[in-house]
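As C-alpha cells, the structure follows; a few thoughts come after it.
The values are calculated or read from the model by the stated rules, or taken from the named source; none is laboratory data. Only a predicted model underlies this, so the values are computations on that prediction, with no experimental measurement involved. Every residue, glycine among them, receives a Cβ derived from its backbone with ideal geometry; neighbour counts consider all protein chains shown.
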Ligand code: SF4
C-alpha cells in the first residue's frame with residue numbers, strides 16, 4: 001500500500017517515535033563507516049565508478065537492442081522470456097505460471113520489484129502460499145510490515161521486537177539470542193524450501209552476452225530458491241541488463257562495497273541454462289521463466305531522467321542521507337525510500353501521489369558523492385521540484401519551500417537557509 005501522499009505526517013510521527021529513534025541510532029553510521037573502510041582498502045573504486053556509469057549509460061542509450069540480445073540468448077539457453085508492461089500484467093503472468101504448474105506454494109528471495117508490483121498480495125488472493133526466505137523479509141512477513149530499506153529491509157526493528165514475533169508465531173520460548181533466533185528461522189524455512197513448487201528470485205543484473213541472471217546475496221536463501229524447485233521465475237526490471245561478464249565483474253566489485261562495505265557478497269550466483277537431461281544429478285530447475293517488467297521504466301528513458309535508470313539498488317544514497325537516517329524508510333510511504341526513492345516514486349506513482357518526496361532532502365549532495373554509478377540525485381530532485389512547483393501555479397522553488405514550511409528563502413537575490421520565522 002502506498003502512503004507517499006502523507007510524507008510530512010509520517011515523517012513527523014517517525015521523529016516522535018522513541019522506539020524507532022532508538023533502533024535507528026544502532027544503524028546510523030553502521031553502513032557508512034563500513035563503506036568508508038572498504039573504499040580506503042580499494043583504491044580503484046573511483047575509476048570503476050566512472051566505468052560503471054559509462055557502461056550503464058551506453059546500455060540505456062540502446063536499451064531495446066540489449067534487451068533483444070538478452071532475450072535471444074536466454075531462449076537459446078532453454079529459458080522462457082515474458083514481458084510485462086505494468087504491475088498487473090506481471091502479477092498475472094506469475095499467477096498463470098503457478099496455475100500451469102498447479103503450484104500451491106512459492107518461495108521467494110528478496111526482490112524490491114516484487115514489493116513494487118505487490119506480488120504477494122496477488123498470489124495470496126489466488127490461494128497460493130508465499131514464503132519470504134530472506135531473513136529480514138521473513139521477519140517482516142510475520143510482522144505484516146513492508147521493508148524500510150532496500151538492502152536491509154528490517155533495519156528499523158530491534159532484536160527484542162524480532163524475539164517477540166518469533167515467540168508468538170513459532171510458539172517457542174522467548175529469546176533475544178541472535179544465534180538462536182537465526183537457527184529458529186532456519187528451521188522454519190527449511191521445510192518450505194523442500195516443499196515449494198516454484199522459486200521466485202529477482203536479478204541484480206541480466207547479462208546480455210550469455211543470457212544469464214546474476215544474483216548477489218548474503219544468506220544463501222536465493223541460491224536455494226533458484227535451485228531446489230523445478231520451476232524458477234526471475235523477476236527483473238528492464239533496466240537491469242548489462243553487456244557481458246566483464247561488466248558483471250565490475251558491478252559486483254562496486255555493489256557490495258557500496259551497500260554493506262563487503263569486498264564481495266557471501267553468495268554471487270550466475271545462472272544461465274535450465275537443467276540439461278545430459279547433466280549428472282537432478283539439481284536445478286527444468287523450467288526457467290524471466291519476466292521482464294517495465295512498470296514506468298521506459299518513460300524514464302527520456303534524456304533528462306535516464307540517469308536514474310543506472311541505479312543498481314545498493315542503498316548507499318539512503319545510508320548517507322541525513323533525512324533517511326533520522327526518519328527511516330517507512331515515512332517515504334512506498335518501496336523505495338531515501339534519495340533514490342524520492343526520484344523514482346514520483347515518476348512511478350505520479351507527481352500528485354508523491355509531491356512531497358522531492359522536498360524530503362537537504363540537498364547536501366552526500367547521495368551524489370556515494371552513488372556507485374554516479375547518478376546526479378540532487379539534480380534529479382531539483383528537476384522534480386521544478387516540475388511540481390510549476391504544476392502548483394508557477395511559484396518559485398524558494399517560495400515553495402517557504403509555503404511548505406521548510407525554511408529556505410530567497411532574500412535580496414540570494415537563497416539562504418533561514419528559520420521560517422525570519423523569512
Ligand atoms: S541511486 Fe545510486 S546510491 Fe542510491 S541505491 Fe541507486 S545506485 Fe545506490
Original post:
Taking residue 274, is it crowded, with 23+ Cβ neighbours inside 10 Å and at negative phi?
Top reply: no
**OP:** Considering every residue within region 354-373, establish whether at least one is modelled with pLDDT under 95 and on the phi > 0 side of the Ramachandran plot.
**Re:** no
**OP:** For residue 395, state whether it is modelled with pLDDT under 95 and not in a loop (DSSP other than H, G, I, E, B).
**Re:** no
Original post:
Going through region 358-370 one residue at a time, which ones are touching a residue at least 60 places away in the same chain (Cβ under 8 Å) and within 14 Å of the ligand (Cβ to nearest atom)?
Top reply: 370
**OP:** Might you check whether a residue that is in contact with a helix residue (DSSP H, G or I) (Cβ under 6 Å, 6 or more places away or on another chain) and either surrounded by fewer than 20 Cβ atoms within 10 Å (Cβ to Cβ) or at pLDDT 95 or above (or both) occurs anywhere in region 84-93?
**Re:** yes
**OP:** Report the residue count in region 27-40 for those that are touching a helix residue (DSSP H, G or I) at 6+ places or on another chain (Cβ under 9 Å) and over 24 Å from residue 329 (Cα atoms).
**Re:** 2
**OP:** Search region 298-313 for residues being under 14 Å from the mean Cα position of the chain (by Cα) and under 12 Å from residue 63 (Cβ atoms), and hand back the single one that is farthest from the ligand (Cβ to nearest atom).
**Re:** 309
Original post:
Does residue 248 satisfy the criteria of being under 17 Å from residue 63 (Cα atoms), modelled with pLDDT of 95 or more, assigned by TED's automatic domain parsing to the domain that holds residue 145 and in contact with a strand residue (DSSP E or B) (Cβ under 9 Å, 6 or more places away or on another chain)?
Top reply: yes
Subject >> Selection within region 327-357 - in a loop (DSSP other than H, G, I, E, B) and within 15 Å of the ligand (Cβ to nearest atom) >> reply: 329, 334, 335, 336, 337
Original post:
residue 255 fails exactly one of the following numbered conditions: (1) farther than 25 Å from residue 338 by Cα; (2) buried (at least 21 other Cβ atoms within 10 Å of the Cβ). What is the number of that condition?
Top reply: (1)
Subject >> Qualifying residue in region 194-208 (condition: touching a helix residue (DSSP H, G or I) at 6+ places or on another chain (Cβ under 8 Å), in a helix (DSSP H, G or I) and touching a residue at least 60 places away in the same chain (Cβ under 8 Å)) >> reply: no
**OP:** Would you check if there is a residue in region 314-326 being within 30 Å of residue 198 (Cβ to Cβ), modelled with pLDDT of 95 or more and either part of a helix (DSSP H, G or I) or away from the ligand (no atom under 13 Å from the Cβ) (or both)?
**Re:** no
